[in-house]
Amino acid sequence: MSIIINLDIMLAKRKMRSNELAERMGITTANLSILKTGKAKAIRFSTLELICEILECQPGDIMEFTKDK
Amino acid sequence: MKKLQILRAILDFFWFFSLISEIGILIFLAFYLFDPDMEIPIKINGHVITPTTLLSKLIILANVISGILFLYSIYVLRKVVGYFQKKEIFKSEVIENFNLIGKLVISSSLISHLSLFIFNYINRGPVVFSIEFGNYDSFLISISLGMFFMVISEVFKIAKNIKEENELTI
């Protein structure tokens, strides 16, 4: 996967736990875990919007593109 | 789904009676092919074959093998319907089984029709190249049916991927 999710880093910067983020977003912790571990195949704009709003960041802060070797 | 139950019942009925007759044929075949005094003519797909030569015996054997392959495809189809009844639709087993059914139906049809063609060709019988319409036993219909199952397998593979993507969209 060439898109890396840096949600853990952002959560640490905001000193927020995964459970709290999931609760505020209105999704299950299992779904948030899928996103955090990079198992997700796609992310909805609405989900991305919520994350950015709650963590007060830009989409680029939680996602990173890397070239496959 | 009531249609699924009806389909399962028909397949079970067909499978059970075909299995019994196939076992009977296999037992009969053992005596029939190796006993030189048994020269009872057999009618296969409209062709009368008497097991006097090695070739005619091989043709009969090929047609029995073709029957076994077709019966196995019915068994696999029963398994697929079983998965559907358990609501396990987009499983990799279903995809593999659909592909297998297609291959079995095509192989069965090819073996049966080719062997009869060779038999007629060698025995200077009426070598017929015909396209039959409105007949479910025709070569084209059986090949198309086999190909259809293989296409269904591909469609299910695509559907499985879409389902997985949908489930992993957050």
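Of all the residues that make up the range B:133-170, how many are more than 30 Å from B:Leu54 (Cα to Cα) and either over 22 Å from the mean Cα position of the chain (by Cα) or modelled with pLDDT under 75 (or both)?
The qualifying residues number 18.
Only one of B:Ile101, B:Ile89, B:Ile106 is of a type in the set (Val, Ile, Thr) and surrounded by fewer than 17 Cβ atoms within 10 Å (Cβ to Cβ); which?
Working: B:Ile101 fails: surrounded by fewer than 17 Cβ atoms within 10 Å (Cβ to Cβ); B:Ile106 fails: surrounded by fewer than 17 Cβ atoms within 10 Å (Cβ to Cβ).
Exactly one residue qualifies, and that residue is B:Ile89.
Say we look at the range A:20-33 and pick out the residues that are closer than 13 Å to A:Ile51 by Cα and more than 10 Å from every other protein chain (Cβ to nearest Cβ); which of these is surrounded by the most Cβ atoms within 10 Å (Cβ to Cβ)?
Here the residue is A:Leu21.
Which of the residues belonging to the range A:34-45 are more than 10 Å from chain B (Cβ to nearest Cβ) and modelled with pLDDT of 90 or more?
Within the range A:34-45, just A:Phe45 meets the criteria.
Here is a list: B:Phe34, B:Phe119, B:Phe28. Which entry is more than 23 Å from B:Gly146 (Cα to Cα) and in contact with a helix residue (DSSP H, G or I) (Cβ under 6 Å, 6 or more places away or on another chain)?
On the way: B:Phe34 fails: in contact with a helix residue (DSSP H, G or I) (Cβ under 6 Å, 6 or more places away or on another chain); B:Phe28 fails: in contact with a helix residue (DSSP H, G or I) (Cβ under 6 Å, 6 or more places away or on another chain).
Every option except B:Phe119 fails the conditions.
The values are calculated or read from the model by the stated rules, or taken from the named source; none is laboratory data. The shown structure was predicted, so the numbers you read here are calculated from the model rather than taken from an experiment. With ideal geometry, Cβ positions are generated from the backbone for all residues, glycine too; neighbour counts draw on all protein chains shown.
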